[in-house]
Amino acid sequence: MNEFLTYGSLFGSSFLSATLLPGSSEAVLIALLIAQKGSVYGLLLAASVGNTLGGLTNIFLGRLMPSKGQGRWHDTAMTWLHRLGPAALLLSWLPVVGDLLCVLAGWLRFAWLPSVLFLAMGKTLRYIVIATATLQTLQWWH
């Protein structure tokens, strides 16, 4: 597998995993690390950028939703997310819940810059933890 396909497949898997579509970018990252395809930093970059862009897609979709709404769901989301603000996007890596957080961040019209920063931090830290655990396990195993 050439480098373009290595990084491109991880980027694509990471992007799709961050949208409302199902995906498993963590498994792709682990497989590429085990197979020693690409550099660790390159793999982390491809996964983080792809996943962050997928999360931004969800934020954009949330912004397309009508902003004026009333009812229990609206009040609960407004109270909880406005209390945390864009920092709630640090949890955007969580399965299912993370996608919803991104959509809600768009729906609540969070500011773009803090949203992008917290989104990227949360997603990147998750991949760093996965890569570190994988590499440590490989060292221990051999």
**Asked** Ordering I30, I59 from largest to smallest accessible area (1.4 angstrom probe), what's the sequence?
**Response** I30, I59
**Item:** Sequence of T137, T6, T57 from largest to smallest accessible area, 1.4 Å probe
**Value:** T137, T57, T6
**Prompt:** Share of the chain's accessible area from carbon and sulfur, percent, 1.4 Å?
**Reply:** 73
**Asked** Rank R63, R126, R83 by accessible area, highest first, at a 1.4 Å probe radius?
**Response** R83, R63, R126
**Message:** Leaving out ligands and nucleic acids, and using a 1.4 Å probe, what accessible area per residue does region 1-111 come to in Å²?
**Reply:** 55
**Prompt:** Using 7 Å Cα-to-Cβ label points, what is the A31/L138 separation (nm, one decimal)?
**Reply:** 1.5
**Prompt:** Short version: ³J(HN,Hα) in whole Hz for each residue of region 25-39, in order, from phi by Karplus 6.51 cos²θ - 1.76 cosθ + 1.60 (θ = phi - 60°), x for Gly and Pro, what are they?
**Reply:** 5, 4, 5, 5, 4, 4, 4, 5, 5, 5, 6, 6, 9, x, 7
**Asked** Under the rule of -39500 (n - 2.57) per DSSP H run of 4 or more residues, summed and divided by the residues of the chain, what mean residue ellipticity at 222 nm is obtained, to the nearest 500 deg cm²/dmol?
**Response** -25000 deg cm²/dmol
**Complete:** Rounded to one decimal in nm, the spacing of the 7 Å Cα→Cβ label points at L113 and S39 is 3.0
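Using a/c under 1.5 as the rounded threshold, could you call region 11-57 rounded, prolate or oblate? The axes a ≥ b ≥ c are square roots of the C-alpha gyration tensor eigenvalues, and prolate needs a/b larger than b/c, oblate otherwise.
Oblate is the answer for region 11-57, as a/c is 1.5 or above yet b/c matches or exceeds a/b.
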**Asked** Over the chain, what is the mean sequence separation of C-alpha contacts under 8 Å (at least six apart), divided by residue count, expressed as relative contact order in percent?
**Response** 29
**Item:** Intensity falloff of the chain expressed as log10 I(q)/I(0), Debye formula with alpha-carbon point scatterers, at q = 0.20 Å⁻¹
**Value:** -1.08
**Message:** What FRET efficiency comes out for S24 versus H82 if R0 is 35 angstrom and r is the Cβ-Cβ distance? Round to the nearest 0.05.
**Reply:** 0.60
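First measure r as the distance between the Cβ atoms of V129 and V97, then evaluate 1/(1 + (r/R0)^6) with R0 = 22 Å and state the FRET efficiency to the nearest 0.05.
Efficiency computed from Cβ-Cβ geometry: 0.80.
The values are calculated or read from the model by the stated rules, or taken from the named source; none is laboratory data. Bear in mind the structure is a predicted one, so any value in this text is a computation, not a measurement. In this analysis, Cβ positions are derived from the backbone assuming ideal geometry, glycine residues included, and neighbour counts consider all displayed protein chains. Remember, those area values only see protein heavy atoms, side chains included, never the ligands or the DNA or RNA. Shrake-Rupley method; radii C 1.70, N 1.55, O 1.52, S 1.80 Å.
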